[in-house]
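Here is the structure we will look at, set down as C-alpha cells.
The values are calculated or read from the model by the stated rules, or taken from the named source; none is laboratory data. Remember, predicted model here, so these are calculated numbers, not experimental data. Using ideal geometry, Cβ is built from the backbone for each residue, glycine included, and neighbour counts are taken over all protein chains shown.
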C-alpha cells in the first residue's frame with residue numbers, strides 16, 4: 001500500500017453490558033480505499049464500527065485516527081475531527097427540508113460555509129437536487145439514505161464509517177448506493193469502511209479489501225479476489 | 001402526650017394506605033402518577049356525602065367510594081394508559097387539576113372552599129369510633145388489611161406480571177400478557193385503595209376541604225414513597241414513618257408554624273432532587289425508574 | 001356577547017400560549033417534563049412585584065430585571081440538574097420527579113419570602129377601550145400585542161435562523177445531531193434560555209393582570225400540559241394552538257355554563273383528544289407505536 005494508514009483499531013475487546021461481542025479484532029483503513037466488513041449475524045461488524053466511532057467504549061484495545069490515539073473519545077469529537085458516521089437505516093431530520101438538512105453541518109461549524117460543498121453534493125446526488133425544498137419526512141427509503149449520506153459529506157469528512165448502508169434498500173437503490181461509494185472514493189478521495197451481512201457480491205464489487213468476521217473474531221483479511229479463491233467465506237457463513 | 005402519639009399513629013396509618021396505593025402504581029407497574037391526591041379526595045368526599053346526605057353507614061359508604069373511585073380511574077386510564085410514560089404523567093396531571101377544580105367549584109355539592117364540617121365518626125353496629133384511641137384501632141386495622149392485601153397482590157401471579165411489565169414491557173408482551181388490561185386494573189386498584197384513606201381521613205378529622213387534596217398532596221404522597229423507596233414492601237413504610245415523624249420531631253425544636261409548612265416543603269423538594277441524582281431507589285426501595 | 005367571549009378567550013390564550021410555547025419547546029427538544037417551568041413563571045412574576053412595588057424601581061428596569069431572573073433561573077435548572085442527569089442517562093421519570101422537587105423548593109421559598117396571600121400590582125379598575133363592540137382592558141391589549149410580537153420573533157427565529165434550525169434538528173433527531181457533531185450542551189442551554197424567557201414574559205403579563213400568589217405556577221403547568229397534548233408536540237406551534245383552544249374553552253364555558261365547569265370540560269376535551277388523536281392537532285400522522 002502506498003497510501004497512508006488513516007485508521008487503525010488494535011485488538012479491540014468490546015460489547016454491550018456484560019457480553020463482549022468483540023474478542024480482540026484488529027482492522028486497518030488506508031487513504032482512498034474502500035474496505036468491506038462482512039460476516040454472519042452476531043459477528044460484531046456493527047459493534048466494531050460503533051466502537052471505532054466512539055459510541056461504544058472498548059474494554060481493551062486501541063484506536064488510532066490520523067496517527068492519534070482516539071480510544072474512548074466521544075462520538076461528537078470524532079465527528080468534528082473528520083469522521084463521518086452513517087447511522088443504520090439512514091437518519092435524516094424529517095421536519096426540515098432537504099436543503100436545510102444539507103446545511104445543518106454548516107450551522108454546526110460555520111467554517112464549512114466557505115467550502116461550497118453543496119454543488120459537489122448535488123452533482124453526486126442529482127436526485128436530491130429536485131427534492132431540494134421538500135420536507136425530508138416524505139422521502140422514500142432510498143432517497144432518505146442518499147440524503148443521509150449527503151449530509152455527512154457536507155461535513156467534509158475524511159473517512160466514512162457506514163453502518164450497514166445497503167440491506168434495507170430496494171435493489172435499484174442498492175446499486176445506486178454502491179455506485180456512489182465508488183464515486184466517493186475515486187472523485188472525492190475518501191476512505192470508506194462499511195459492513196454488510198447479505199449482498200456480498202455487491203459489497204465485494206466495490207471493496208479494495210475485505211475483512212471477514214465471525215463470532216467476534218477476524219477470520220480473513222485480504223482482497224476480494226483472494227477471498228473468492230479461498231474457502232473463508234463459506235466457513236464463516238456456513239460452519 | 002399519649003393522645004398526640006396516637007394521633008400521629010392514625011395519620012401514619014392513613015398515609016401508609018396511601019403509600020401502598022401509589023407504590024402499587026409507581027413501584028410495581030412502573031406508572032408515574034400525580035393524581036393520587038385526587039382519588040384520596042374522591043374517597044373522602046364520596047364517603048362523606050353518602051354518610052351525611054344519604055344517612056348511609058360509614059362501613060357501607062366505604063366500599064361504595066372504593067368502587068366509585070375505581071370507576072372514575074377509568075376516565076384517566078382508558079384513554080391514556082397506552083401512551084408513553086411522559087404523556088401519561090401529563091394526563092394524570094390534568095386529572096388531578098380537574099378533580100381539584102370540581103371539588104373547589106361544585107359548591108352546591110361539595111361546598112367548595114368552605115369545606116364540609118361536622119362529619120360524623122364511623123359507627124359500627126353501635127360502636128362509635130369517637131375518640132382517638134378507638135380511631136387508631138380502626139385505622140390501624142384498615143392499614144394492616146391494606147398491607148396484607150398489598151403483600152398478597154405482589155406475591156401473586158398478578159403482582160409478578162406487573163413486575164414483569166415494569167422491568168421489560170416487550171418481554172411481557174411476548175409472553176402474551178395483555179399489558180393494557182393489567183395496567184388499567186392496577187391503576188383502578190390503586191385508586192380504590194387511596195379512596196379508603198380518604199374515607200378514613202374524613203371520618204377522623206371530621207372536616208374536609210379541597211385544599212387537602214391538591215397537587216401538593218399528590219407530590220407529598222409521591223415524595224413519601226420516593227424517599228422511602230418504591231418497588232418493594234418496606235420502602236413505603238420507611239418513607240411514611242420518616243416523612244411524618246421527622247418534621248414532628250423538628251417541631252419540638254421550635255420552628256414557628258407559619259414558615260414551618262413552607263420550610264418543610266422546601267426540604268421535601270430538596271430531598272427529591274438529591275435522591276433522584278444520587279439514589280433514585282430511595283432509602284429502602286428497589287425500583288430505580290428505569 | 002359572543003364576540004366578547006371569544007375575544008376574552010383568545011386574549012387569555014395569548015398569555016397561556018407564551019408559557020405553553022416555552023414548555024413545548026423544552027419538552028420537544030429535551031424530552032424533559034419541566035415541571036419547574038411553573039416555578040420560573042412564578043419567580044419572574046414575583047421578581048417584577050419585588051422590583052416594581054417593594055423597592056419601587058422604574059417600570060422598564062423592573063421588567064428587564066424580572067425577565068433576566070426568570071431566564072437565568074430556568075437555565076440553572078438545566079446546568080445544575082437536567083444536563084447532569086442527562087449525562088447519566090437518567091430515565092424521564094427521574095428528571096420529572098427532580099423537576100417537581102425544584103418546583104416545590106422554589107415556590108415555597110417564594111412563599112416564605114413574600115407570604116402566601118395574593119399580591120396585586122395594578123390595583124383598582126383599569127382603563128378600558130372599545131373596538132367593534134368589544135370592551136378590552138389596557139392589560140388585555142398589552143397582552144395581545146406582546147404575544148403577537150414575541151410569537152412572530154420566535155417563529156422567524158425558529159424557521160429562518162441557523163440556531164433555530166439547529167434546535168429543530170435536535171428536537172427531531174438527537175442521535176443524528178450528536179453524530180454530526182452538534183454541541184448538544186450549548187443547544188440545550190439555548191433552548192432552556194428561550195423557553196424560560198417565554199415563561200417569564202407570560203408570568204409578567206399575569207402579574208400585571210390578575211395578581212399573583214405562590215400557586216399560579218401550578219395552573220401554568222396544567223395549561224402547558226393540556227396545551228401540549230391538545231396541540232401536539234410535533235412542532236412547537238402546536239402548543240400555541242392548544243393554548244388558544246384552552247382559553248376559548250374556558251371562557252365559553254364560563255359564559256354558557258359557569259366557572260365551576262371549566263376544568264371538567266377541559267378535561268373532557270383532553271380525554272377526547274387522548275382517545276381519538278393522541279398526537280395532537282398539528283402533528284404529522286404518527287403511528288401509535290411512536291408515542292406509546
Filter region A:8-46 down to residues that are closer than 23 Å to residue A:202 by Cβ and surrounded by fewer than 24 Cβ atoms within 10 Å (Cβ to Cβ), then give me how many there are.
11
Kindly indicate whether any position in region C:168-180 is part of a helix (DSSP H, G or I) and in contact (Cβ under 8 Å) with a residue 24 or more places away in the chain.
yes
Could you tell me which residue of region C:118-143 is modelled with the lowest pLDDT, considering only residues that are part of a helix (DSSP H, G or I) and either within 14 Å of chain A (Cβ to nearest Cβ) or touching a strand residue (DSSP E or B) at 6+ places or on another chain (Cβ under 8 Å) (or both)?
C:138
Yes or no: region B:196-219 includes at least one residue that is in contact with a strand residue (DSSP E or B) (Cβ under 6 Å, 6 or more places away or on another chain), within 24 Å of residue B:99 (Cβ to Cβ) and touching a residue at least 12 places away in the same chain (Cβ under 8 Å).
yes
Residues of region C:69-99 satisfying the condition of being facing chain B (nearest Cβ under 9 Å) and either on the phi > 0 side of the Ramachandran plot or without any contact (Cβ under 8 Å) to a residue 40 or more places away in the chain (or both):
C:81, C:84, C:85, C:88, C:90, C:91, C:93, C:94, C:97, C:98
Counting only residues that are over 11 Å from residue B:203 (Cβ atoms) and touching a helix residue (DSSP H, G or I) at 6+ places or on another chain (Cβ under 7 Å), which one in region B:125-139 is modelled with the highest pLDDT?
B:136
Members of region A:52-68 that are away from chain C (no Cβ under 14 Å) and within 20 Å of residue A:216 (Cβ to Cβ)
A:58, A:59, A:60, A:61, A:62, A:63
Among the residues in region C:205-215, are any part of a helix (DSSP H, G or I), modelled with pLDDT of 90 or more and under 13 Å from the mean Cα position of the chain (by Cα)?
yes
Kindly establish whether residue A:182 is surrounded by fewer than 17 Cβ atoms within 10 Å (Cβ to Cβ), under 14 Å from the mean Cα position of the chain (by Cα) and modelled with pLDDT of 85 or more.
yes
Kindly indicate whether residue C:24 is within 14 Å of chain B (Cβ to nearest Cβ) and either at pLDDT 95 or above or surrounded by fewer than 19 Cβ atoms within 10 Å (Cβ to Cβ) (or both).
no
Lone qualifier among C:104, C:109 - being within 29 Å of residue B:86 (Cα to Cα), within 11 Å of another protein chain (Cβ to nearest Cβ), buried (at least 22 other Cβ atoms within 10 Å of the Cβ) and without any contact (Cβ under 8 Å) to a residue 12 or more places away in the chain:
C:104
The condition from (1) more than 14 Å from chain C (Cβ to nearest Cβ); (2) surrounded by fewer than 21 Cβ atoms within 10 Å (Cβ to Cβ) that residue B:197 misses is numbered (2)
Exactly one of C:52, C:25, C:73, C:81 is in a helix (DSSP H, G or I) and closer than 21 Å to residue C:210 by Cα, and that one is C:52
Exactly one of these conditions fails for residue A:193: (1) touching a residue at least 60 places away in the same chain (Cβ under 8 Å); (2) farther than 14 Å from residue A:92 by Cβ; (3) surrounded by 19 or more Cβ atoms within 10 Å (Cβ to Cβ); (4) touching a helix residue (DSSP H, G or I) at 6+ places or on another chain (Cβ under 6 Å). Give me its number.
(4)
So, residue B:186, is that one in contact (Cβ under 8 Å) with a residue 40 or more places away in the chain, assigned to a helix (DSSP H, G or I) and closer than 14 Å to residue B:22 by Cα or not?
yes
Looking at region B:71-183, what helices (runs of 4 or more DSSP H) fall wholly within it and have at least 2 residues that are over 22 Å from residue B:18 (Cβ atoms) and within 11 Å of chain C (Cβ to nearest Cβ)?
B:85-105, B:107-110
So in region A:69-98, with the set limited to residues that are in a strand (DSSP E or B) and closer than 19 Å to residue A:48 by Cβ, which one is farthest from the other protein chains (Cβ to nearest Cβ)?
A:69
Within region A:196-223, which residues are at negative phi, free of Cβ contacts under 8 Å to residues at least 40 places away in the same chain and not in a strand (DSSP E or B)?
A:198, A:201, A:202, A:205, A:223
Sort through B:3, B:29 and tell me the only one that's buried (at least 24 other Cβ atoms within 10 Å of the Cβ) and modelled with pLDDT under 90.
B:29
Filter pass, residue C:155 being more than 14 Å from chain A (Cβ to nearest Cβ), under 30 Å from residue C:80 (Cα atoms) and at pLDDT below 95
yes
Go through region C:164-185 and give me each residue that's within 7 Å of chain A (Cβ to nearest Cβ) and out of contact with any strand residue (DSSP E or B) (no Cβ under 6 Å at 6 or more places or on another chain).
C:165, C:166, C:168, C:169, C:172, C:173, C:175, C:176, C:178, C:180, C:181, C:182
For residue B:21, indicate whether it is under 30 Å from residue B:180 (Cβ atoms), surrounded by 24 or more Cβ atoms within 10 Å (Cβ to Cβ) and either within 14 Å of chain C (Cβ to nearest Cβ) or more than 17 Å from the chain's Cα centre (by Cα) (or both).
no
Tell me, please, whether a residue that is farther than 19 Å from residue B:34 by Cα and modelled with pLDDT of 90 or more can be found in region B:251-263.
no
Is it the case that region B:191-213 has a residue that's modelled with pLDDT under 90 and over 14 Å from residue B:62 (Cα atoms)?
no
